[in-house]
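*Asks:* Dropping a structure here in structure tokens format, bear with me for questions.
Nothing in this text is a laboratory measurement; each read-out follows from the coordinates by a stated rule. Every value quoted in this text rests on a predicted model; they were computed, and no experiment measured them. In this analysis, Cβ positions are derived from the backbone assuming ideal geometry, glycine residues included, and neighbour counts consider all displayed protein chains.
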Amino acid sequence: MSANHSILCPEAPIQRTQYPYVTGTSVVAIKYKDGILMVSDLGGSYGSTLRYKSVERIKAIGKHSLLGASGEISDFQELLRNLDELILYDNMWDDGNALGPKEIHSYLTRVMYNRRNKFNPLWNSLVLGGVKNGQKYLGTVNMIGVTFEDDHVTTGFGNHLARPILRDEWHENLTYEEGVKLLEKCMRVLLYRDRSAVNKLQIAKITEEGVTISQPYSLKTFWNYAAFENPTSGAEGSW
């Protein structure tokens, strides 16, 4: 290559994802009596525009795990491709064993932390739940590799608005119906307060029998609260 050509057409610099483009908002998950329940809406925001309303962000992983994601949708799709390869490789051994939720969660923590150390993170917060050999497992990991396990976990605005509800009302002997009712209460609060939320959601459950992901449905809402009709009433210096 000539010197003149290299000056006119320099090699493009390596670029990173510096800001997410199409994103999903909160995921909420809880342990209940028989397994794990997880819920998210189907919204996909392009910046501040609610561009897509049918983005499924909860997926079954292998036989024993359920994964939900907030954040950049394309990065979530990349993670799903990696997980498909991992599950396929595990199945090829045909040894009668399968990766459980604890192993999948450990794998995700290593991937997220590795990408963070390369200053090229996957812009997601992930929730991983599952049941294997009668043991329920629920954990989360964010885009810089911070991870923990708990009886109920949330991402996004759910950390601020849904987690206090779960701390007050969750208990380990929740039935399926009580768990769904609790998750719907959390999602209704998020719908009222999170501009990126849409009233179209899916609830997934995983038990020893397998994974079930519901068809999308909407919640009943009430928008005529006095605080909604005049939100700045009584606020000093308001317009």
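*Asks:* Determine which aspartates and glutamates satisfy two conditions relative to residue 53: a Cα distance under 13 Å, and not lying fewer than 8 residues away in the same chain.
*Replies:* Straight-line reach from residue 53, under 13 Å: 41.
*Asks:* Amide H of residue 53: which non-local residues (sequence gap of 5 or more, or other chain) have their own amide H closer than 5 Å, using H built in the peptide plane?
*Replies:* Sorted by chain and number, the residues that satisfy this are 44.
*Asks:* Under 8 Å for C-alpha pairs, at least 6 residues apart: give me the relative contact order for the chain, rounded to a whole percent. Before the final figure, lay out the partial values.
*Replies:* Numbers: 444 pairs, mean separation 59.1, N = 239.
Relative contact order of the chain: 25 percent.
*Asks:* I've got another one for you. To the nearest 0.05, what FRET efficiency results for residue 192 and residue 81 with a Förster distance of 25 Å applied to their C-beta separation? The partial results should precede the final answer.
*Replies:* On the way: r = 35 Å, r/R0 = 1.41.
The calculated FRET efficiency here is 0.10.
*Asks:* Find how much the distance from residue 169 to residue 119 grows on full extension, using 0.36 nm per residue of separation minus their present alpha carbon separation; answer in nm with one decimal. Mind dumping the intermediate values first?
*Replies:* Values: separation 50, 0.36 × 50 = 18.00 nm, distance 3.91 nm.
That pair, residue 169 and residue 119, stretches by 14.1 nm at full extension.
*Asks:* Please report Rg (one decimal) and Dmax (integer) in Å for the Cα set of the stretch 27-218.
*Replies:* When restricted to Cα atoms, the stretch 27-218 yields Rg and Dmax of 15.9, 49 Å.
*Asks:* Loop-only check: which trypsin sites (Lys or Arg not before Pro) in the stretch 100-171 are DSSP coil with at most 10 other Cβ within 10 angstrom?
*Replies:* Filter output for the stretch 100-171: 118.
*Asks:* What does the highest-first list of 68-77, 140-149 look like by mean Cβ count within 10 Å?
*Replies:* Answer by packing, highest mean first, reads 68-77, 140-149.
*Asks:* How big is the stretch 72-154 on each of its three principal axes, counting only the C-alpha atoms and giving the largest first in Å?
*Replies:* Principal axes ranked by extent give 38, 30, 21 Å for the Cα atoms.
*Asks:* Tell me, how many Å apart are the Cα centres for the stretch 188-239 and for the stretch 46-74?
*Replies:* Spelled out, the Cα-based centre of one part sits 17 Å from the other.
*Asks:* Grab the Cα-Cα distance for residue 215 and residue 49, subtract it from 0.36 nm times how many residues apart they are, and report the gain in nm with one decimal.
*Replies:* Numbers: separation 166, 0.36 × 166 = 59.76 nm, distance 2.43 nm.
Between residue 215 and residue 49, full extension yields 57.3 nm more.
*Asks:* At residue 88 and residue 233, where each label point lies 7 Å from the Cα along Cα→Cβ, what is the point-to-point distance in nanometres?
*Replies:* 5.9 nm
*Asks:* Would you mind listing how long the stretch 37-123 runs along its three principal axes, going by Cα atoms, in whole Å with the largest first?
*Replies:* That gives 48, 31, 20 Å along the principal axes, largest extent first.
*Asks:* By a straight-distance test (C-alpha under 25 Å), which lysines pair with residue 63 as possible cross-link partners, with residues fewer than eight away in the same chain excluded?
*Replies:* 31, 33, 102, 132, 136, 205
*Asks:* List, in order, the whole-Hz ³J(HN,Hα) value for each residue of the stretch 50-57 obtained from phi through the Karplus relation with A = 6.51, B = -1.76, C = 1.60 and θ = phi - 60°; use x for Gly and Pro.
*Replies:* Values, residue by residue: 6, 7, 10, 10, 9, 9, 7, 10 Hz.
*Asks:* Okay, moving on. Once amide H atoms are placed 1.01 Å from N in the peptide plane, what residues at a sequence separation of 5 or more from residue 174, or on another chain, have their amide H within under 5 Å of its amide H?
*Replies:* Correct list: 33.
*Asks:* Also: Along the stretch 76-85, what does the Karplus equation 6.51 cos²θ - 1.76 cosθ + 1.60 (θ = phi - 60°) give for ³J(HN,Hα), rounded to whole Hz, x for Gly and Pro?
*Replies:* Working through the residues one at a time gives 4, 5, 5, 4, 5, 5, 4, 5, 4, 5 Hz.
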